[in-house]
Amino acid sequence: MIPGANLLSQALTMIASQSVTYYADTGRTTSATGRDVTVFAPGVAVTLGSVQAVPRTRFQSMGLDYSRSYVTWFVPRSILGVERDRSGDEFEWNGRRYKVEAVTPWFAQDGWVEVLGIDITQGVG
C-alpha cells in the first residue's frame, strides 16, 4: 500500500457504500443499581463506507470466538475502539448491532479506519 493513496476512497468509487448508524461512546455513568454503564451519543447515519463479513477461515489467526459473528467496517472517519476506561463505540448495520472490538488506524495517513465489530444484538445467540 502507498501511504496517502487512500485506497478506501478509490475502492468506494467501484463498490457501493453501505449506510451504518454510528453510536459514539461518550463515557460512563452509574446506574440506579450501582453498575457503571456506557453512555452513547444519539445514532448518526454514516453513508460512506463498506461493511464486510469476516470469513470464518480467518477466525483462528485473528483469535476470534467461533460462536460469535464479526464484520469489518471500512469507514472514512475516526472511530473509538475498546480502550482503558472506555468500552468503545457501537454501530448498527443490516439490522444488527455491533460493538467495536478493534480499530486499525489508517486515519492520520489516509483518512479512514478499519473497524472490527462483534455482533451484540440482543436475543440472538
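Just so it is clear, none of the values below were taken in a lab; they were calculated from the coordinates. Note that the structure is predicted; figures quoted are calculated from it, not measured. A quick note on method: Cβ atoms are made from the backbone with ideal geometry, for glycine too, and the neighbour counts reach across all protein chains shown.
So the values come out like this:
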| quantity | calculated |
| --- | --- |
| Estimated vicinal HN-Hα couplings, Hz - the range 49-63 in sequence order (Karplus 6.51, -1.76, 1.60; Gly, Pro = x) | x, 9, 10, 10, 5, 8, x, 4, 5, 9, 4, 4, 5, 9, x |
| For residue 69, residues with placed amide H under 5 Å, excluding near neighbours | 119 |
| Peptides ranked, highest mean first, by Cβ atoms within 10 Å: ranges 30-42, 93-105 | 93-105, 30-42 |
